[in-house]
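Right, one structure below, let's go through it.
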Amino acid sequence: MKYFEKLLIANRGEIAIRIMRACRELDIDTVAIYSDADKNALHVKYADEAFHVGEAHPSKSYLNMERILDIAKKSGAEAIHPGYGFLAENYRFAKLCLDENVIFVGPRWKTIKAAGSKIDSKQMMKDNAVPVIPGTEGGIRTISEAKKVALEIGYPVIVKASAGGGGIGMQIVQDEKTLEDAIAASQRIAQSAFGDATVFIEKYLIQPRHIEFQVLADEHGNAVHLYERECSIQRRHQKLVEEAPCSIMTPELRSRMAQSALKVVEASGYTNAGTVEFLYSNGNYYFMEMNTRLQVEHTITEFITGVDIVKQQLAIAAGETLPFEQKDLSIRGHAIECRINAEDPTNNFSADPGKIVRYRSPGGPGIRIDSGIHMGYTISPIYDSMIAKLCAWDSTRDDAIKRMRRAISEYIILGVKTTLPLHYAIMNNQQFVNGNTHTHFLQEEHILNTLERYTRDEETRMQTLAGSFQQGKKVAAISAAVNLYLQQKKD
Ligand code: MV4
């Protein structure tokens, strides 16, 4: 039974290919769109049909709603999968699809809209007995009210933008003296970034963990969760390493958090795949936000549950009933994802686009790579710097870490700087191995400071090796760099 005859993928790179792979297995024809910068991209070659969508800049191509819907109609695609980023959480696009009789693979547009307001979604969760971080009820109206609330919950507090995302406009406030200025700053940033100056206050949690639950809900009132992912290791609100399950999870905590996640689904009338994000601190967890898209890190959930999340999204969008209940699901083993970005981790993660002159990806048991690049491919500076997702699965966390180290040492990417050396250092960090991760892990562990000293050495070695490359030497180069790092940590 075919869910659709033809699907348009309104995205590029690895996620476009990931979605097309599901379609290939489901016998659904695929329609790619591509910008001027992506004429030779892998997602275009993979698709059954491809249409030029516009100029390189996203606003002229992957964000051009009317043009994308035109292509859907011209090609005869019945549905559009938005992937992540671009139009994935744009409720106007979801609404436009509905108006134009094209199925949007995702939740209803009103759900996407509601999830976009942090204040409203937080209030809805509170009304449904889901724990939320103590703070102002709704937006801040007056400074005296803000001061009163901050005093009640106790400093430090954090000022956040209701329309915000990615930490934009967030201000941490240590005492009452700086509260008024912080609110003004947050409002100013929120206004210019989102056109909405509404801000609110919460108790600031020190070094929380980011734990999120994957959920699936069909259009017939059935919902399940696919357990949790821990995504604490990040820099500037961009995740770098994710794992599933969370290393500190207990059956009791999992059961409470999963119940809250499903409460969120029920309260918001959620359908399709989604993620409920929580912050965890000192044994307590709090709802933070709902992500209404397929996430980058869905791969590790697929590893531990065996569920193909993209296929389920397509089934749900076609009106199918979920083929399993909660009791049919369980966790098998442990999975880790490392995001490989074309950027320099020793230079503030500055993007390093360019041509891939040597490329060989790892393989073997328990390894999965989702990538849109290949040997000879030129990474454009216009789009996101993530070039590959390296995932490792094994039966235990320790074994998954060892497998990830092995896979990283097999990986050859030359021509651009990547986050690979950083990942190798993280996989060898004792606190990571012990499962002691939190949102300030990279700063706290001083991994970046130390990384700078040895990556230059490795860089030189890699340049030398680039001519006559030998796998063994590459492994030696990385190990030498990491040994140096570990030694410096001991000093
Ligand atoms: C917080 C917090 C501590 N206390 N809220 C960052 C992004 C935005 N979605 C929410 N964020 C945070 N909110 C309170 N009350 C710490 C963070 C935070 C964070 C959260 C998740 C993942 C990484 C983070 C990195 C820095 C700060």
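The values are calculated or read from the model by the stated rules, or taken from the named source; none is laboratory data. Note that the structure is predicted; figures quoted are calculated from it, not measured. Glycine also receives a Cβ, built like all others from the backbone with ideal geometry; neighbour counts cover every protein chain displayed.
In the set (1) acidic (Asp, Glu); (2) in contact (Cβ under 8 Å) with a residue 12 or more places away in the chain; (3) in a helix (DSSP H, G or I), ASP70 fails one condition alone, (2). The residue list THR299, THR198 contains one member that is within 24 Å of MET20 (Cβ to Cβ) and either touching a residue at least 24 places away in the same chain (Cβ under 8 Å) or touching a strand residue (DSSP E or B) at 6+ places or on another chain (Cβ under 7 Å) (or both), which is THR299. Output the number of residues of the range 138-164 satisfying the condition of being within 14 Å of VAL199 (Cβ to Cβ), within 15 Å of the ligand (Cβ to nearest atom) and β-branched (Val, Ile, Thr). Total satisfying the criteria: 5.
Restricting attention to the range 165-185 and to residues that are surrounded by fewer than 16 Cβ atoms within 10 Å (Cβ to Cβ) and within 15 Å of the ligand (Cβ to nearest atom), the residue that is farthest from the chain's Cα centre (by Cα) turns out to be GLN174. Any residue at all in the range 406-427 that is modelled with pLDDT of 90 or more, within 16 Å of the ligand (Cβ to nearest atom) and not charged (D, E, K, R)? The answer is yes, given that some residue of the range 406-427 is modelled with pLDDT of 90 or more, within 16 Å of the ligand (Cβ to nearest atom) and not charged (D, E, K, R).
It is to be established whether one or more residues within the range 374-384 are in contact (Cβ under 8 Å) with a residue 12 or more places away in the chain, over 20 Å from ILE233 (Cβ atoms) and either small (Gly, Ala, Ser) or in a helix (DSSP H, G or I) (or both). Scanning the range 374-384, I find at least one residue that is in contact (Cβ under 8 Å) with a residue 12 or more places away in the chain, over 20 Å from ILE233 (Cβ atoms) and either small (Gly, Ala, Ser) or in a helix (DSSP H, G or I) (or both), so the answer is yes.
May I ask you to say which residue of ASN11, ASN40 is over 22 Å from the mean Cα position of the chain (by Cα), in a loop (DSSP other than H, G, I, E, B) and closer than 19 Å to SER371 by Cα? On inspection, the qualifying residue turns out to be ASN40. Checking each residue in the range 203-235 for being over 13 Å from the mean Cα position of the chain (by Cα), of a type outside the set (Val, Ile, Thr) and within 9 Å of the ligand (Cβ to nearest atom) picks out LYS203, TYR204, LEU205, GLN207, PRO208, ARG209. Right, ILE304: assigned by TED's automatic domain parsing to the domain that holds GLY435, in a helix (DSSP H, G or I) and under 26 Å from ASP370 (Cα atoms) or not? Taking the combined requirement at face value, the residue satisfies it.
From the list ARG403, ARG339, ARG368, the one residue that fits, being under 20 Å from the mean Cα position of the chain (by Cα) and buried (at least 19 other Cβ atoms within 10 Å of the Cβ), is ARG339. I'm trying to understand the selection: among the residues of the range 49-58, which are of a type outside the set (A, V, I, L, M, F, W, C) and touching a residue at least 40 places away in the same chain (Cβ under 8 Å)? Scanning the range 49-58 gives HIS57, PRO58. If you go through the range 186-195 and pick out every residue that is in contact with a strand residue (DSSP E or B) (Cβ under 8 Å, 6 or more places away or on another chain) and more than 16 Å from the ligand (Cβ to nearest atom), you end up with 1.
Whether a residue is at pLDDT 95 or above, under 21 Å from the mean Cα position of the chain (by Cα) and either farther than 20 Å from PHE303 by Cβ or of a type outside the set (A, V, I, L, M) (or both) was assessed, and VAL265 passes this test. Scan the range 219-260 for residues that are of a type in the set (Ser, Thr, Tyr), more than 30 Å from THR419 (Cα to Cα) and assigned to a strand (DSSP E or B) and jot them down. Hits for the range 219-260: nothing passes.
Run down ARG67, ARG108 and say which single residue is farther than 30 Å from LEU179 by Cα and surrounded by fewer than 19 Cβ atoms within 10 Å (Cβ to Cβ). The conditions single out ARG67. The set of residues from the range 241-260 being away from the ligand (no atom under 16 Å from the Cβ) and either more than 21 Å from ALA335 (Cα to Cα) or without any contact (Cβ under 8 Å) to a residue 40 or more places away in the chain (or both) comprises MET249, THR250, PRO251, GLU252, LEU253, ARG254, SER255, ARG256, GLN259, SER260.
Residues satisfying the criterion are absent from the range 120-131 (criterion: at negative phi, touching a Gly at 6+ places or on another chain (Cβ under 8 Å) and more than 16 Å from the ligand (Cβ to nearest atom)).
The residue that is nearest to the ligand (Cβ to nearest atom), counting only those in the range 261-299 that are farther than 21 Å from GLY166 by Cα and part of a strand (DSSP E or B), is ASN284.
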